[in-house]
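See structure below.
The values are calculated or read from the model by the stated rules, or taken from the named source; none is laboratory data. Only a predicted model underlies this, so the values are computations on that prediction, with no experimental measurement involved. Using ideal geometry, Cβ is built from the backbone for each residue, glycine included, and neighbour counts are taken over all protein chains shown.
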């Protein structure tokens, strides 16, 4: 199908983009890589009157280390993350997640920020963002603010970002010592989206028992979440197969699971437990090797 | 002289398809690529209701819209049609009733797609909604609000066959087993959507370019529904981007484009959206198969009784043929002395089903081959062995009247067992890994035409010129399966010339002789035989002329590498081009015709329904699947498929292997993930993201094995290659899953959730 007609704008700076967002308000949409928004426009699920293409703002596209934190510009593409040697050594969960996203075209054009703001319930990034406790940097008319990942995802395709704000950067902390991470997902056979995806960052104490485990889950419910009961059951325990399985069994506790033609809600919850156990297991093995 | 012994013959060579260059470079033209000056865009108004009476229809506001050139409604299209003479129940546009969501209510032709869509929105239709029949088993018990007049209980057709005495067979058995299988409705998902361009010239003659597998039947249906003489209708088939049976009957847009073009006085093109393709459908129906089989302790089958119910959708289409193939091919892979078949084709308020690759055999074969493995497990007999113990002994005629001359099935079984190392693996792999075997077969062309006729099934004209170039004129329809290539190879082989000296003009009803179309895997066998006969006739004329030239008897002459010489005396040779001119004198073009009709002995028995199923020859397949099952998630991974196919003679091993691989993919899609999901008559997955079919990226390793049983009546021994392999892969996978995790999967598709459920049930039953 063909989208409704719209006016196309190309700001050159963040300030110019913010000006346009302020001016056009709810009648506008911000275009990054276009791999989520454009299909929605073609299906007429979104029909913005103004399309603000931030794709040429070079200042939004970088991966760097500053003040002990890793910072990614919102326009960084999935492929840039997948191939970043800095991230591979300091936060390997991100390249591992990027590898699981879509196809070559999506990886080359799609952006981290675009995916996060779109907040598709089956997107991969939210699980990883939750597991590494990322901070989203938002710029608005009144300056900059930081939003924690667990506060960022509000509901189905809804985030804490205000309509006059632009997501500019994502900050994550590098992998600490004795820590391992992992992202595992079941690909939807046609779309490649996560039927269920589980990202884990797990730190072992000196004793070899689990210090802290953070488990981010995507695909199961309307929004991504931290599997808190699983995390609680892991803390302080030694990572035996039985313990991991017991803890992972709670990975979808209390979640109102999505149901579609490919997977029922019950199957999704079952998969969440299976993938949580596998991802925790892998993260624990990696932690032991560091 | 056998085919293989001619030096430099393209027959038996892995030559690329003759149209591959234009396809790969994008230069080739498909129906939607064609534009004539002044071409209008045609669009169709579809019914939003599954079952409703049209109370009132007002299209006047559509016609008033600037840029609209024609609006046509059901009042103007009274002639009923259907692919089968016994099933004329469709109209171009609905008259009094709509029978499925998507049914065709009216058409418009306009200057642009936007104007055409706006015109559709301006058509006002008042519907009286009727109760819809959506469930197969309820519909066949319905008493009121029936879908068609004259179809009590919404049963389109039922067949009841009984050969031998099944009760006696069950008495003689040591074990009688009953199983029920349920196969989801699936569709072709050809990449090219249906597209038709129709144009009338000043003399009122119609030319239609359409993505069709059956130009000849389309020509006849256009003439009938537009009430025109057949000689004024010309159908041309451009390149077709896949058919798989979905283009083997007349699809509404083909007639709608023509009727709109006539009214508009300008050419009209209609190309379906992907959603419209899904609603036009004509794919494989949801099928319930119940099988009861008797077997002796030694594995010999004594009787089979099959009850098959198919959800045919709202129109007849090919339905009775599907029903009959399901019955006729139920038993005929094996030697079974007593056979009973009850088949019911049921109407429901959904798009009509029809022919799809492996037409009529696939679901029944899946059921039978899985059921046979269950029987083998019950008796403790190896699955490969139970198949060996029930083989036919050709030449023979099966109990239901199918004549079988060549039978490569035993060799197929042996070759896949050997290639897969079957005996070392079956029952011996670790839990979660499994191996399964299954067989299948298919017709090499229906022995009887769809419309009764004494004409040959296929005729090929051949023209040779003074340059030594041969031009084939054939009605056969290339749809990507290699129809043109195989005919060119046969002619080049027979005339001893290079493949690039053969040109082909195909599938143009005004220029090419009659061929019935690309369905029932008939083209290589029938058009191939016609091409062979034409080439042999041309060769006879050429050698006779050369005999005069050399003054030796024609039998002593050899035609090879574009030259004619006396056997043993290559030095003194007459170039073929020169011999053509000698033979053609006083003309400059040598013409020869060849045709193919099926022999009377191959046309089957005399009982009701005996006409469908018989074929001059049958292909055979055996496949072994290796799978792994993740018992925690239910995900099945097909690791490897060994696919042996008896094609009689591989005229082009490259394209035969391509057909086998394509069949495997298509079968895997049906086995593991494809299903049309309906809710209140609406298709919930009318798109390729939601209706998921397997692509090359999902392909397991496939090892095609070609078996050549050299059929005595096939062209150079060749038989069918495009469909038969599909039916074996589904039961091979189901049987491998049993070997892997010990559960029988009796519902298609075999989804992860169904696997988990079966594993849970097994655990409850066995406590382990």
Hey, does region A:181-191 have a residue that's under 13 Å from the mean Cα position of the chain (by Cα), closer than 13 Å to residue A:214 by Cα and outside the structural domain of residue A:66 (by TED's automatic domain parsing)?
-> yes
If you check residue A:286 against the conditions, is it within 11 Å of chain B (Cβ to nearest Cβ) and closer than 20 Å to residue A:132 by Cβ?
-> no
Right, residue A:36: closer than 23 Å to residue A:138 by Cα and free of Cβ contacts under 8 Å to residues at least 12 places away in the same chain or not?
-> no
Test result for residue A:268, more than 14 Å from every other protein chain (Cβ to nearest Cβ) and at negative phi = no
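Answer yes or no: is there a residue in region B:683-692 that is away from chain A (no Cβ under 14 Å) and either touching a residue at least 60 places away in the same chain (Cβ under 8 Å) or over 27 Å from residue B:442 (Cβ atoms) (or both).
no
Test residue B:220 against the stated conditions and say whether it is touching a residue at least 60 places away in the same chain (Cβ under 8 Å), surrounded by 20 or more Cβ atoms within 10 Å (Cβ to Cβ) and either closer than 26 Å to residue B:151 by Cα or in contact with a strand residue (DSSP E or B) (Cβ under 9 Å, 6 or more places away or on another chain) (or both).
Numbers: touching a residue at least 60 places away in the same chain (Cβ under 8 Å): yes; surrounded by 20 or more Cβ atoms within 10 Å (Cβ to Cβ): no; either closer than 26 Å to residue B:151 by Cα or in contact with a strand residue (DSSP E or B) (Cβ under 9 Å, 6 or more places away or on another chain) (or both): yes.
No: the conditions fail for residue B:220.
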Select from region B:618-635 the residues that are touching a helix residue (DSSP H, G or I) at 6+ places or on another chain (Cβ under 6 Å) and in a strand (DSSP E or B) and write down the one among them that is farthest from the other protein chains (Cβ to nearest Cβ).
-> B:620
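Condition check ((1) crowded, with 24+ Cβ neighbours inside 10 Å; (2) in a strand (DSSP E or B); (3) assigned by TED's automatic domain parsing to the domain that holds residue A:255) across all residues:
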position: A:196; (1), (2), (3): yes, yes, yes
position: A:203; (1), (2), (3): no, yes, yes
position: A:211; (1), (2), (3): no, yes, yes
position: A:216; (1), (2), (3): yes, yes, yes
position: A:223; (1), (2), (3): no, no, yes
position: A:232; (1), (2), (3): no, no, yes
position: A:237; (1), (2), (3): no, no, yes
If you go through region A:125-148 one residue at a time, do you hit one that is crowded, with 20+ Cβ neighbours inside 10 Å and in a loop (DSSP other than H, G, I, E, B)?
-> yes
From the options B:697, B:668, residue that is within 13 Å of chain A (Cβ to nearest Cβ), within 30 Å of residue B:421 (Cα to Cα) and out of contact with any helix residue (DSSP H, G or I) (no Cβ under 7 Å at 6 or more places or on another chain) | B:697
For residue B:656: the one exception among (1) part of a helix (DSSP H, G or I); (2) within 14 Å of another protein chain (Cβ to nearest Cβ); (3) in contact (Cβ under 8 Å) with a residue 40 or more places away in the chain = (2)
Can you confirm whether region B:483-491 contains a residue that is touching a helix residue (DSSP H, G or I) at 6+ places or on another chain (Cβ under 8 Å) and part of a loop (DSSP other than H, G, I, E, B)?
-> no
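Mind checking which residues of region B:130-146 are at negative phi and assigned to a loop (DSSP other than H, G, I, E, B)?
To start, the set of residues in region B:130-146 that are at negative phi comprises B:130-144, B:146.
If the condition is that a residue be at negative phi and assigned to a loop (DSSP other than H, G, I, E, B), then B:130, B:131, B:132, B:133, B:134, B:135, B:140, B:141, B:142, B:143, B:144, B:146 are the ones that fit.
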Can you tell me how many residues in region B:582-601 are closer than 21 Å to residue B:394 by Cα and surrounded by 22 or more Cβ atoms within 10 Å (Cβ to Cβ)?
-> 1
Would you say residue B:615 is more than 14 Å from chain A (Cβ to nearest Cβ), farther than 30 Å from residue B:673 by Cβ, buried (at least 24 other Cβ atoms within 10 Å of the Cβ) and under 22 Å from the mean Cα position of the chain (by Cα)?
-> yes
Can you name the residue in region A:258-290 that is surrounded by fewer than 18 Cβ atoms within 10 Å (Cβ to Cβ) and part of a loop (DSSP other than H, G, I, E, B) and, of all such residues, is modelled with the lowest pLDDT?
-> A:290
Inside region B:158-240, counting only strands (runs of 3 or more DSSP E) that do not spill past its ends, which hold 3 or more residues that are at pLDDT 95 or above and not assigned by TED's automatic domain parsing to the domain that holds residue B:44?
-> B:175-183
Going through region A:239-257 in order, the residues found to be within 14 Å of chain B (Cβ to nearest Cβ), farther than 29 Å from residue A:160 by Cα and part of a helix (DSSP H, G or I) are A:241, A:244, A:245
Selection from region A:149-164 of residues over 14 Å from residue A:135 (Cβ atoms), surrounded by 13 or more Cβ atoms within 10 Å (Cβ to Cβ) and in contact (Cβ under 8 Å) with a residue 60 or more places away in the chain yields A:154, A:164
Among (1) within 31 Å of the chain's Cα centre (by Cα); (2) away from chain A (no Cβ under 14 Å), residue B:638 falls short only on (2)
Please find, among A:16, A:67, the residue that is on the phi > 0 side of the Ramachandran plot and surrounded by fewer than 19 Cβ atoms within 10 Å (Cβ to Cβ).
-> A:67
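Specify which of the listed residues (B:386, B:375) is in contact with a strand residue (DSSP E or B) (Cβ under 6 Å, 6 or more places away or on another chain) and assigned by TED's automatic domain parsing to the domain that holds residue B:611.
On the way: B:386 fails: in contact with a strand residue (DSSP E or B) (Cβ under 6 Å, 6 or more places away or on another chain).
Only one candidate qualifies: B:375.
This table checks each residue for (1) within 14 Å of chain A (Cβ to nearest Cβ); (2) out of contact with any helix residue (DSSP H, G or I) (no Cβ under 7 Å at 6 or more places or on another chain); (3) buried (at least 19 other Cβ atoms within 10 Å of the Cβ).
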| residue | (1), (2), (3) |
| --- | --- |
| B:712 | no, yes, no |
| B:715 | no, no, yes |
| B:721 | no, no, yes |
| B:724 | no, yes, yes |
| B:735 | no, no, yes |
| B:743 | no, no, yes |
| B:750 | yes, no, yes |
| B:762 | no, yes, no |
| B:765 | no, yes, no |
Listing of strands (runs of 3 or more DSSP E) fully contained in region B:540-602 that carry 2 or more residues being under 23 Å from residue B:487 (Cα atoms) and either out of contact with any strand residue (DSSP E or B) (no Cβ under 6 Å at 6 or more places or on another chain) or not assigned by TED's automatic domain parsing to the domain that holds residue B:402 (or both) | B:557-560, B:563-566, B:590-596
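Do you know which residues across region B:159-174 are under 21 Å from residue B:370 (Cα atoms) and exposed (fewer than 15 other Cβ atoms within 10 Å of the Cβ)?
Filtering region B:159-174 down to residues under 21 Å from residue B:370 (Cα atoms) leaves B:166, B:169-170, B:173-174.
Once the filter is applied, which keeps residues that are under 21 Å from residue B:370 (Cα atoms) and exposed (fewer than 15 other Cβ atoms within 10 Å of the Cβ), region B:159-174 yields only B:174.
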Within region A:175-186, considering residues that are more than 10 Å from chain B (Cβ to nearest Cβ) and in a strand (DSSP E or B), the one surrounded by the fewest Cβ atoms within 10 Å (Cβ to Cβ) | A:179
Within the set of pairs 6+ apart or on separate chains, which have a first residue in region B:416-433 that is assigned by TED's automatic domain parsing to the domain that holds residue B:741, a second that is assigned to a helix (DSSP H, G or I) and exposed (fewer than 15 other Cβ atoms within 10 Å of the Cβ), and C-beta atoms under 9 Å apart?
-> B:417/B:423
